[in-house]
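The values are calculated or read from the model by the stated rules, or taken from the named source; none is laboratory data. Since the structure is predicted, the reported quantities are computational estimates derived from the model, not experimental observations. As a convention, Cβ positions derive from the backbone with ideal geometry for all residues, glycine included, and neighbour counts pool all protein chains shown. Ligands, DNA and RNA are excluded from the accessible area calculation, which covers all protein heavy atoms including side chains. Shrake-Rupley method; radii C 1.70, N 1.55, O 1.52, S 1.80 Å.
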Amino acid sequence: MTKDSTDQLYEMDSGLISDALKIRFFPHVNHEGQGARLIDTEGRQYLDFSAGWAVANTGYSHPHVKAAVIAQLQRATFGGLLSSMHQPALLLAEKLVKLVPGDFHKKVWYGLSGSDASEAAGRLLHLATGKRRMVSFIGAYHGSTAASMSMSAHVAWTQFIGGGHVTKIPYPHPYRCPFGDGISGEDCAVKVIRYLEDYIFQTICPPQDVAGIIVEAVQSDGGDIVPPPNFLPMLEELCRRYGIYLIVDEVKVGMGRTGEWFAFQHSGITPDMVIMGKALGGGLPLSAIVARKEILDVGPALALFTTAGNALSCTAGLATIEAIQQDGLVDNARKVGTYLHDRLAALQDKHPLIGNVRGLGLIQGVELVRNRTTKEPASSETAKVVFRAFELGLIVFYAGMFSNVIEITPPLLLTELDAEEGVAILDQAISDVEAGRVSDTAVARYAGW
Ligand code: PMP
């Protein structure tokens, strides 16, 4: 029996694949992809506003990436980096140290996922500085290994008690400032920095014990929050003053997504460590840390994975960067991102459910609320909108600490026409939910997160 109907495959999936790795919103089957379009096993086509959680920055089946991977596969299906070296890892490292700003000796560490890179960053930092503590931000998602979970403070991880060595402080959220309503984004950022310096550093977390502060330049899984422009420069200044390393996690928003190679570049800061993953390998498992030599060279055999930095993934990474450069995708992300943002913002006049639209380039968040004054999160409505959009042919996910932010992270080759098409579907999906046309039972199977 050929198993190609969605129903059959979902039955197999429920019987065979662990729920622990699933964040399901609707019954989508991955089968084929071209550009920003996906086709399932029944031949249904979808416009993709997710890039599979910000992985497919060059879209699906980019000819340059595909050709490079196939050529490498012909040479060998595997080439490791631990006890040999290979050209793809070196050529990619050469590119990465040039892409990351900073007038100091930088080196590259390779892993397989954003999680292992965050974990390695923390471990090497502690060894390099001899300091035990770190600071991170509430809402952060740095990974799903024990140490990277300790750095995270995402609602998805609340059932796990993180490491007490990481102190979590509020992230400056212009729409929901944790210090009170009606505070501007810039004032909120000042309050966050004051809270850290005047309270946290004076009490439970002495700055001389802090090895590093890890931050997302756009807090993505926490709700696609773009911090106010004064935030990262103030954080950098504080780090310099106390001799604390600044680590920026660009796993989700790096590789051109925001209209710069890295989201922190919008703020003009120079991190000591930059963490990359997701889009870096063009879909193949690859993560990297680009950081000061003094941190990454603290000793041999301290943070390693047997297949990390394998030749195939590095080849895909190199080709992905080349494709982004050749196709001008960083500029496209900025241009189409602005267009998309304006189209989404225009929906606010029509839909009372939309409380806030925010983003940078091709990461946009549409936050749904039941009441614009109280900002009560419209979580179940969000699950329904995302489900209905899927039925109408659009793949889009949701994120956020209240599960109420529609997250839009399409492939960077999205055109304005694509953006228009996706926004029209979202418009319809929101109308359908507002009119009560999507039932609770329709979405009950999909736990989301
Ligand atoms: N950092 C950030 C900012 C992320 O968004 C994620 C994944 N959502 C990770 C790290 C972890 O990456 P991975 O799932 O590849 O381990």
Expected max-MSF residue from Leu47, Leu392, Leu312 in the GNM of the chain (alpha carbon, under 10 Å) is Leu392
Hydrophobic long helices for the chain, i.e. whole DSSP H runs reaching 20 angstrom or more by Cα along the axis with Kyte-Doolittle mean at least -0.5, come out as 114-129, 311-326, 329-347, 416-434
Expected max-MSF residue from Val65, Val438, Val253 in the GNM of the chain (alpha carbon, under 10 Å) is Val438
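Translational diffusion coefficient of the chain at 25 °C, 0.890 mPa s, Stokes-Einstein with Kirkwood Rh over Cα pairs, in µm²/s as a whole number.
109
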In whole angstrom, the spacing between the Cα centers of the stretch 66-125 and the stretch 214-281 equals 20
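Mind checking the per residue accessible area of the stretch 64-326 for me, 1.4 Å probe, whole number of Å²?
Numbers: 10130 Å² over 263 residues.
Ligands and nucleic acids excluded, the figure is 39 Å² per residue.
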The rounded separation in angstrom of the Cα centers of the stretch 4-35 and the stretch 323-359 is 29
The ³J(HN,Hα) series, computed from each phi in the stretch 282-299 with the Karplus coefficients 6.51, -1.76 and 1.60 at θ = phi - 60°, rounded to the nearest Hz and given as x for glycine or proline, is x, x, 8, x, 7, 9, 8, 10, 10, 8, 4, 3, 4, 8, 6, 9, 5, x
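So which trypsin sites (Lys or Arg not before Pro) in the stretch 297-380 end up in coil per DSSP with only 12 or fewer other C-beta atoms within 10 Å? Write down the numbers at each step before the final one.
Values: sites: Arg334, Lys335, Arg343, Lys350, Arg358, Arg370, Arg372, Lys375; in loops: Lys350, Arg370, Arg372, Lys375.
Loop-located and lightly packed - Lys350.
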Looking only at lysines whose Cα falls under 19 Å of Lys106's and that sit 8 or more positions away or on another chain, we get Lys95, Lys98, Lys293
Unpartnered Cys in the chain, judged by a 4.7 Å Cβ-Cβ cut-off, are Cys205, Cys239, Cys314
Per GNM of the chain with C-alpha springs under 10 angstrom, the most fluctuating residue out of Ser313, Ser84, Ser439 is Ser84
Quick calc: nm separation of the 7 Å Cα→Cβ label points for Ile161 and Tyr446 -> 3.6
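Calculate, for Glu11 and Lys293, the FRET efficiency according to 1/(1 + (r/R0)^6) with r their C-beta to C-beta distance and R0 41 Å; round to the nearest 0.05. Can you show the working numbers first?
On the way: r = 52 Å, r/R0 = 1.28.
The computed FRET efficiency comes out at 0.20.
Chymotrypsin sites (Phe, Trp or Tyr not before Pro) within the stretch 37-138: which are DSSP loop residues with at most 12 other Cβ atoms inside 10 Å? Let's see the in-between values first.
Working: sites: Tyr46, Phe49, Trp53, Tyr60, Phe78, Phe104, Trp109, Tyr110, Phe137; in loops: Phe49, Phe78, Phe104.
Passing both the DSSP loop test and the Cβ count: Phe78, Phe104.
Just from its helices, what would the mean residue ellipticity at 222 nm be for the chain, if runs of 4 or more DSSP H residues each count -39500 (n - 2.57) and the sum is divided by every residue, rounded to the nearest 500 deg cm²/dmol? Don't skip to the end; give the middle numbers.
Values: 14 runs with 161 residues, N = 449.
Taken over the chain, the calculation gives -11000 deg cm²/dmol.
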A correct Karplus calculation of ³J(HN,Hα) over the stretch 435-449, with 6.51 cos²θ - 1.76 cosθ + 1.60, θ = phi - 60°, whole Hz and x for Gly and Pro, returns 8, x, 8, 10, 7, 4, 5, 4, 9, 4, 5, 9, 6, x, 7
